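Structure, as structure tokens:
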Amino acid sequence: MAIALLWIDWGKKSCCLVEQDATGRVALRRRMRRETVITFSETHPACVIAMEACCGAHHMGWALSAQGLTSRLMPPKYVRPYIKAQENNDRDAEGITEATGRPAMRFVTFKSEAQLAMQTLHNVRDQLVGERTALINQIRAILLERGHSLPQGARRARRPPGLHARSRRRP
């Protein structure tokens, strides 16, 4: 029996694999640890592997594609409508199977190492800017309780209270 599609739903420690044959019937359901998926796929016949785009999916897609398998990533927002009940790994895998079979399904392209590194930098910077803003707002609230008003903005918060923009101009 030829396996046409293999769906993987990634969990934190384990994942759920569902194989479908050419007729569309579920041939195998299996749970395994993330580390064993690559060794499992080494002996697996060539097929299309569909998975939800999540943490670690790009790395696994690269590893599975290096073995000659065709990997496809789907955004979680496209899979969610096909999940029938409360989310768990088995139902998510069924939702991925249903979503992959749709002719108009759009897939995500795999990102390169450089793209992932740039995305990481942007995410960390956004988090740092958010934390800085929260801290400045907390300081403004504390000072306002004591009768001192501090203008909004990071630049204005750094400026000493007696120094205004006009007094900085050179004659």
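List of remarks:
- All positions within the range 20-44 that are small (Gly, Ala, Ser) and either loosely packed, with under 13 Cβ neighbours inside 10 Å or touching a Cys at 6+ places or on another chain (Cβ under 8 Å) (or both): Ala22, Gly24
- Condition met for Arg168 (loosely packed, with under 11 Cβ neighbours inside 10 Å, modelled with pLDDT of 85 or more and not hydrophobic (A, V, I, L, M, F, W, C)): no
Residues are listed down the side, and each one gets a yes or a no for (1) in the same structural domain as Asn123 (by TED's automatic domain parsing); (2) free of Cβ contacts under 8 Å to residues at least 40 places away in the same chain; (3) within 27 Å of Gln115 (Cα to Cα); (4) not in a loop (DSSP other than H, G, I, E, B):
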residue: Val18; (1), (2), (3), (4): no, no, no, yes
residue: Leu28; (1), (2), (3), (4): no, yes, no, yes
residue: Met32; (1), (2), (3), (4): no, yes, no, yes
residue: Ile49; (1), (2), (3), (4): no, no, yes, yes
residue: Cys54; (1), (2), (3), (4): no, no, yes, no
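- Residue within the range 54-68 that is out of contact with any Cys (no Cβ under 7 Å at 6 or more places or on another chain), surrounded by 13 or more Cβ atoms within 10 Å (Cβ to Cβ) and modelled with pLDDT under 80 present: yes
- Only one of Gly95, Gly130 that is in contact with a helix residue (DSSP H, G or I) (Cβ under 6 Å, 6 or more places away or on another chain) and either at pLDDT 70 or above or part of a helix (DSSP H, G or I) (or both): Gly95
- Selection status of Gln119, within 15 Å of the chain's Cα centre (by Cα) and either assigned to a helix (DSSP H, G or I) or modelled with pLDDT under 90 (or both): yes
The values are calculated or read from the model by the stated rules, or taken from the named source; none is laboratory data. Note that the structure is predicted; figures quoted are calculated from it, not measured. Methodologically, a virtual Cβ is constructed for each residue, glycine included, from the backbone with ideal geometry; neighbour enumeration extends over all protein chains shown.
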